[in-house]
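Enquirer: The structure is given below, and queries will be raised subsequently.
The values are calculated or read from the model by the stated rules, or taken from the named source; none is laboratory data. Quantities reported herein were computed from a predicted structural model and do not represent experimental measurements. All Cβ positions, even for glycine, are placed from backbone atoms using ideal geometry, and neighbour counts span all protein chains on display. These area figures cover heavy atoms from the full protein model, side chains too; ligands, DNA and RNA do not enter into them. Shrake-Rupley method; radii C 1.70, N 1.55, O 1.52, S 1.80 Å.
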Amino acid sequence: MISKVSSNILNYLIRNEVINDTEEERNYYQYGIEITISSALNFFLVFLIGAVTRNILESIVFMIFFVPIRQITGGYHAKTYFRCNLYLCMVFVSILLLYRFTNEYITSYSAILISFICSSVFVAGCPVENPNKPIPAEKRVFYKIMAAVLGICYGIIAAVLTALSYKTGMLILLTLLAVAMLVIIAVIEKKGGSSDEEE
């Protein structure tokens, strides 16, 4: 669906001579249009879930904190846009459920501990590259440092909000945990693929 829509948009741009009709430019713009549509759909679906479950604020907070660190850390990527949209919705719904039932058990100290663990995961495993978006070798250290810094900052924000009795702190912490889990899954998947290739 997304590929078909992006192809139609791409053909329209080519017909109107907005871009050149070369294979390199077609591939570049096709991928860019697909990512833009998929990202817009992700935002829409998360906000829709937030509206239906009366968690609009939570959906906004989730996306504000999820998107930046996900861009830096990378992590597990679904093989189709449908699965990508589906998995994001599943992650958000899981976070909402945990947010509702575990909020009272988290203290500011445990928030700091969890953020430290997540930051350690980011330092050890990040950045995890998307095959369609390789990271230049000279930028890998920068991405690794930024992932750790964002992880620590998220943890501090979550700890402060938790200490002030704001439930949003727990939501931020769960979002951080979700990103760390996506990184772990991607690293395990990558190592499994490497082992298969060696055999």
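Enquirer: If only one of ILE72, ILE114, ILE135, ILE95 is part of a helix (DSSP H, G or I) and closer than 16 Å to ALA186 by Cα, which one is it?
Expert: Step by step, each of ILE72, ILE114, ILE135, ILE95 is checked, and only ILE72 is part of a helix (DSSP H, G or I) and closer than 16 Å to ALA186 by Cα.
Enquirer: Here is a follow-up. Please work out which one of (1) open to solvent by less than 40 Å² (accessible area, probe 1.4 Å); (2) out of contact with any Pro (no Cβ under 7 Å at 6 or more places or on another chain) is the condition ASN16 fails and give its number.
Expert: The number of the failed condition is (1).
Enquirer: Any chance the stretch 141-156 includes a residue that's free of Cβ contacts under 8 Å to residues at least 40 places away in the same chain and outside any helix (DSSP H, G or I)?
Expert: no
Enquirer: Mind counting the residues in the stretch 1-37 that are modelled with pLDDT of 80 or more and of a type in the set (S, T, N, Q)?
Expert: The qualifying residues number 1.
Enquirer: Quick check on VAL91: is it more than 16 Å from ILE35 (Cα to Cα), open to solvent by 20 Å² or more (accessible area, probe 1.4 Å) and not basic (Lys, Arg)?
Expert: Judged against the criteria, VAL91 is a match.
Enquirer: Here is a further query. Hey, can you tell me all the residues within the stretch 94-112 that are of a type in the set (S, T, N, Q) and either in contact (Cβ under 8 Å) with a residue 24 or more places away in the chain or open to solvent by 80 Å² or more (accessible area, probe 1.4 Å) (or both)?
Expert: SER94, THR102, ASN103, THR107, SER108
Enquirer: Hey, another quick one. Considering only the stretch 46-64, state which residues are in a helix (DSSP H, G or I) and open to solvent by less than 40 Å² (accessible area, probe 1.4 Å).
Expert: VAL46, ILE49, GLY50, GLU58, SER59, VAL61, PHE62, MET63
Enquirer: GLY74 versus (1) surrounded by 15 or more Cβ atoms within 10 Å (Cβ to Cβ); (2) under 27 Å from ILE145 (Cβ atoms); (3) free of Cβ contacts under 8 Å to residues at least 60 places away in the same chain: which is the lone unmet condition?
Expert: It is condition (3) that GLY74 fails.
Enquirer: State whether the residues of the stretch 27-43 include one that is assigned to a loop (DSSP other than H, G, I, E, B) and without any contact (Cβ under 8 Å) to a residue 40 or more places away in the chain.
Expert: No, every residue in the stretch 27-43 fails to be assigned to a loop (DSSP other than H, G, I, E, B) and without any contact (Cβ under 8 Å) to a residue 40 or more places away in the chain.
Enquirer: Looking only at the stretch 62-106, which residues are touching a helix residue (DSSP H, G or I) at 6+ places or on another chain (Cβ under 7 Å) and aromatic (Phe, Trp, Tyr)?
Expert: PHE62, PHE65, PHE66, TYR76, TYR81, PHE92, TYR99
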